[in-house]
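First up is the structure itself, then whatever we jot down about it.
The values are calculated or read from the model by the stated rules, or taken from the named source; none is laboratory data. In this text, all values refer to a predicted model and were calculated from it rather than measured experimentally. Reconstructed Cβ throughout: ideal geometry from the backbone, glycine too, with neighbour counts over all protein chains shown.
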Amino acid sequence: MEKLININFNTKIDSGTKLEKMVSEAYQKNKDFFGKDLTEIKINFLYQRSQMDEICKYKTGDWQVGYAENKNIFIFSPFVFEKVSNHPNSDFPYTLIHEIAHLFSNEIFGFAYPKWFNEGLAGYVAEQYKIRPVKKIDEFSNLHDKQDWKKFANYPQAFAFTKYLIGKFGKEKILEFLKNLRKNIGSNNSYDEFVKFFNNFLKTDFDEEVSLWSKSL
């Protein structure tokens with residue numbers, strides 16, 4: 001099956017050769033992790049904050065630099081990345097890998113909640129735990145669904161705890177867990193449903209794992 005990656009960018013501002021190289025490298029990192037190809041994705045490079053606002057249909061904060069939906073990624077061009085956000089240019093490669101990871105995750109696992117796990121997996125693939133240290137720990141019940149995530153949005157915690165889980169249980173076991181998550185309790189599961197399934201599937205206790213992880217920081 002042919003893999004198809006399209007990029008949409010302003011030819012007066014960006015170099016297609018450079019963008020294609022960055023996209024190819026970011027895609028390959030995801031392919032190596034997930035062990036498969038996606039058939040079609042489109043990377044849309046943006047140049048103004050108003051473009052991101054229009055796509056997301058709300059006023060985005062200066063921290064938001066990427067958005068993934070269906071087979072599309074919308075991300076600020078590296079040419080303007082630092083100008084339109086509070087991120088340094090050095091964050092761009094991590095963000096590109098992260099957003100592509102969402103497309104892989106959506107196709108393979110199709111789960112929305114826990115939101116921290118959805119973001120944490122993308123951050124693990126992008127190795128963002130290396131550049132986003134944990135500064136505070138929130139209750140995971142407050143990081144579970146979309147509404148609470150908007151209030152807390154603790155990306156460093158999501159990255160670090162996902163790294164802990166993969167380190168303890170192994171990548172294959174965690175990916176197997178995620179493949180069964182939607183099938184067993186649905187995409188929009190509740191926090192309590194998730195914890196019960198987590199404990200049964202991984203033969204452990206979620207609260208105890210959180211405690212062990214937090215002590216290891």
Margin query: Tell me whether region 150-159 contains one or more residues that are among the charged types (D, E, K, R) and part of a helix (DSSP H, G or I).
Written below: yes
Check: Where residues in region 50-88 are touching a Lys or Arg at 6+ places or on another chain (Cβ under 9 Å) and not in a loop (DSSP other than H, G, I, E, B), which of them is surrounded by the fewest Cβ atoms within 10 Å (Cβ to Cβ)?
Finding: Asp53
Margin query: Can you tell me how many residues within region 68-104 are touching a strand residue (DSSP E or B) at 6+ places or on another chain (Cβ under 7 Å) and among the hydroxyl-bearing types (Ser, Thr, Tyr)?
Written below: 3
Margin query: Can you find a residue that is among the hydroxyl-bearing types (Ser, Thr, Tyr) and in a helix (DSSP H, G or I) anywhere in region 161-183?
Written below: yes
Margin query: Just checking, does region 149-165 include any residue being modelled with pLDDT of 95 or more and either assigned by TED's automatic domain parsing to the domain that holds Asn70 or over 30 Å from Asp62 (Cβ atoms) (or both)?
Written below: yes
Check: Taking region 184-200 as the search range and keeping residues that are assigned to a helix (DSSP H, G or I) and either in contact with a His (Cβ under 8 Å, 6 or more places away or on another chain) or polar (S, T, N, Q) (or both), which one is surrounded by the most Cβ atoms within 10 Å (Cβ to Cβ)?
Finding: Phe194
Next item on the list: Select from region 168-195 the residues that are small (Gly, Ala, Ser) and closer than 21 Å to Asp138 by Cβ and list them in ascending order.
Entry: Ser190
Next item on the list: Among the candidates Leu46, Leu19, Leu121, single out the residue that is more than 29 Å from Phe161 (Cβ to Cβ), surrounded by 22 or more Cβ atoms within 10 Å (Cβ to Cβ) and either touching a residue at least 24 places away in the same chain (Cβ under 8 Å) or touching a helix residue (DSSP H, G or I) at 6+ places or on another chain (Cβ under 6 Å) (or both).
Entry: Leu46
Margin query: Tell me the residue from Tyr129, Tyr94, Tyr124 that is within 13 Å of the chain's Cα centre (by Cα), in a helix (DSSP H, G or I), of a type outside the set (Gly, Ala, Ser) and not assigned by TED's automatic domain parsing to the domain that holds Leu181, please.
Written below: Tyr94
Check: Given Ser77, Ser141, Ser85, which one is assigned by TED's automatic domain parsing to the domain that holds Glu176 and touching a residue at least 12 places away in the same chain (Cβ under 8 Å)?
Finding: Ser141
Next item on the list: Being exposed (fewer than 15 other Cβ atoms within 10 Å of the Cβ), on the phi < 0 side of the Ramachandran plot and either among the polar types (S, T, N, Q) or over 18 Å from the mean Cα position of the chain (by Cα) (or both) narrows it down to one of Lys173, Lys203, Lys146, so name that one.
Entry: Lys173
Note to self: Taking the conditions exactly as written (touching a Ser or Thr at 6+ places or on another chain (Cβ under 7 Å), surrounded by 12 or more Cβ atoms within 10 Å (Cβ to Cβ) and over 12 Å from Ser77 (Cβ atoms)), does Asp37 satisfy them or not?
What the structure shows: no
